[in-house]
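Some notes on the structure that comes next.
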């Protein structure tokens with residue numbers, strides 16, 4: 001519980017409040033610059049556009065973290081001993097200082113509750129994926145296995161990739177980073193034409209080649225921190241769009 005007590009330390013609360021406040025203009029500025037740059041880059045360069053979108057999302061995180069750390073280590077002025085002396089306030093004085101700005105405290109509490117709710121949902125979704133993977137049936141048809149091997153070789157996917165099917169999903173996808181699998185809806189492999197099946201497998205293998213499962217966990221964590229920020233929503237949507245376009249190009 002010490003981490004929770006430390007989290008609501010007045011200095012930490014003030015630093016978080018200023019981080020949230022400054023992230024509004026920082027994220028908006030970064031999103032605006034990304035919008036301008038993407039307007040200048042043709043859509044056929046999906047990979048480059050995706051990298052720029054990812055960079056923008058990381059810049060939002062880094063700028064906010066920098067703001068937090070700067071304010072976390074900024075001493076507070078006290079006139080108790082000397083008008084020119086800078087000292088760290090004692091706990092009682094810190095509490096008095098904090099009570100003068102309840103807006104910051106309220107903002108941080110609301111943000112923290114939202115972060116806990118969305119973070120919990122993220123964890124639940126991860127365990128749902130684990131449950132789906134654990135209860136899926138491995139696809140062993142020679143046509144599909146050989147197609148995956150051939151496409152993996154063409155795309156340069158060095159990890160061993162298996163295909164599984166499950167009744168708990170309605171669309172194809174990938175799960176895992178170290179031991180990735182391609183997840184298919186139940187019986188979909190037998191209902192598709194060879195060309196359709198190859199296109200789907202190539203697209204999902206492109207996601208594996210790009211390590212999108214791991215990267216998406218990182219992106220989603222950052223999005224969860226800035227769940228209140230419309231500019232971050234736009235960057236995330238742009239990132240997802242360019243990722244899918246890049247995978248289509250690779251496939």
Report summary line: Distance in nm between residue 179 and residue 240 label points, each 7 Å along Cα→Cβ, equals 2.9
Report task. If a/c stays under 1.5 just call it rounded; otherwise compare a/b with b/c (prolate if a/b is bigger, oblate if not). Do that for segment 136-209, with a ≥ b ≥ c from the square roots of the Cα gyration tensor eigenvalues. Result -> oblate
Report summary line: Taking Cα pairs closer than 8 Å and at least 6 residues apart, the relative contact order of segment 136-209 in percent is 32
Report task. Quote the relative contact order of the chain in percent (integer), defining contacts as alpha-carbon pairs under 8 Å separated by 6+ residues. Result -> 23
Report summary line: Which of [x] 8, 33, 39, 17, 3, 0; [y] 6, 26, 30, 23, 11, 3, 0; [z] 6, 23, 25, 20, 14, 7, 3, 1, 0 is the computed P(r) over Cα pairs in 10 Å bins from 0, in percent? It is [z]
Query raised in the report: Taking the Cα atoms only, what angle lies between the long axis of helix 194-209 and the longest principal axis of the chain, rounded to 10 degrees?
Result: 30
Report task. Enter the angle in degrees (range 0 to 90, nearest 10) between the Cα long axis of helix 230-250 and the first principal axis of the Cα atoms of the chain, meaning the one along which they spread out most. Result -> 20
Query raised in the report: Distance from the Cα centre of segment 186-251 to that of segment 28-43, in angstrom?
Result: 21
Query raised in the report: Helix 46-72 sits at what angle to the longest principal axis of the chain, using alpha carbons and giving 0 to 90 degrees rounded to 10?
Result: 20
Requested in this report: State the antiparallel share, in %, of DSSP beta bridges confined to the chain, rounding to the nearest 5.
Outcome: 55
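FYI, it's all coordinate maths here, none of it is from the lab. Because the structure is a prediction, the values reported are computed rather than measured. Please note: Cβ atoms are built from the backbone with ideal geometry, for glycine as well, and neighbour counts cover all protein chains shown.
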